[in-house]
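Below is one structure, written out as C-alpha cells, with a few remarks after it.
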Amino acid sequence: MTKSDEYNHLLKRSMEFYESASILFNRGFYGLTAFCLEQALQLFLKAQFLKLGVDYPRTHSLRRLLDLLIKIVEEKAGKIKEILDKYSLELASLEDAYITSRYIPREFRREEVLRLRNLVEEVMGVVRQVVD
C-alpha cells in the first residue's frame with residue numbers, strides 16, 4: 001500500500017467513524033458515539049501526518065498526535081497550539097472514550113458528546129487549514 005493509498009484509507013475510515021457517531025448519537029448510544037468521535041479524530045490526524053510525508057506515530061493519544069503535528073508544521077502551528085491549550089480537558093475526555101468504551105463502565109451524557117462533536121469538527125477544520 002502506498003502512502004497515498006494509506007492516506008486515503010485513513011481519511012475514508014475517519015469519515016466513516018464520524019458518520020457512525022451521528023447514527024449512534026441519534027440512537028442515544030452516547031458512549032459509543034464518543035468512541036467513534038475519538039476514532040474519527042485519531043485517524044484524521046494520522047492521515048495528516050501521511051499528507052505531510054511523515055509516518056504517523058503509533059499512539060492513540062490525541063494530545064500527543066497534536067503535539068507532534070505542532071513540531072512538524074512549526075511556523076504554522078499557532079492555531080493548533082491554541083486548540084490544544086483551549087480544549088485539553090475535552091481532548092482528554094475523548095482519549096478516555098477510547099479506553100472506557102472497552103473496559104470501564106463510563107457513561108457519557110448527551111451534552112458532553114455534543115461538545116466533543118463540536119471539538120472534533122473544530123480540530124479537523126483547523127488542522128485541515130494548517131496542513132493544506
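Can you name every one of the helices (runs of 4 or more DSSP H) wholly within the stretch 1-101 that holds 1 or more residues which are in contact with a Ser or Thr (Cβ under 7 Å, 6 or more places away or on another chain) and either at positive phi or free of Cβ contacts under 8 Å to residues at least 24 places away in the same chain (or both)? Qualifying helices (runs of 4 or more DSSP H): 3-26, 30-51, 62-73.
Of all the residues that make up the stretch 93-120, how many are within 15 Å of Q39 (Cβ to Cβ) and surrounded by 13 or more Cβ atoms within 10 Å (Cβ to Cβ)? So that I can check it myself, show each step before the final result.
Going residue by residue through the stretch 93-120, those that are within 15 Å of Q39 (Cβ to Cβ) are 93-102, 108, 113, 116-117, 119-120.
Imposing the further condition that a residue be surrounded by 13 or more Cβ atoms within 10 Å (Cβ to Cβ) reduces the set to 93-101, 108, 113, 116-117, 119-120.
Qualifying residue count, the stretch 93-120: 15.
G53 meets each of the listed conditions (1) small (G, A, S); (2) under 22 Å from D132 (Cα atoms); (3) touching a Gly at 6+ places or on another chain (Cβ under 7 Å) apart from (3).
Assess whether E82 counts as being over 23 Å from E19 (Cα atoms) and open to solvent by 60 Å² or more (accessible area, probe 1.4 Å).
On the way: over 23 Å from E19 (Cα atoms): yes; open to solvent by 60 Å² or more (accessible area, probe 1.4 Å): yes.
Answer is yes for this residue.
Checked against the criterion of being at pLDDT 95 or above and out of contact with any strand residue (DSSP E or B) (no Cβ under 8 Å at 6 or more places or on another chain), the candidates H9, H60 yield just one match: H9. The set of residues in the stretch 95-125 that are modelled with pLDDT of 95 or more, among the aliphatic types (A, V, I, L, M) and under 17 Å from L43 (Cβ atoms) comprises L116, L119, V120, V123, M124. Note on the stretch 13-47: residues that are open to solvent by 40 Å² or more (accessible area, probe 1.4 Å) and among the polar types (S, T, N, Q) amount to 3.
The values are calculated or read from the model by the stated rules, or taken from the named source; none is laboratory data. As the structure is a computational prediction, the values presented were derived from the model and not from experiment. Note that each Cβ is placed from the backbone with ideal geometry, even for glycine, and that neighbours are counted across all protein chains shown. Just so you know, the surface numbers come from the protein's heavy atoms only, side chains and all, with ligands and any DNA or RNA stripped out. Shrake-Rupley method; radii C 1.70, N 1.55, O 1.52, S 1.80 Å.
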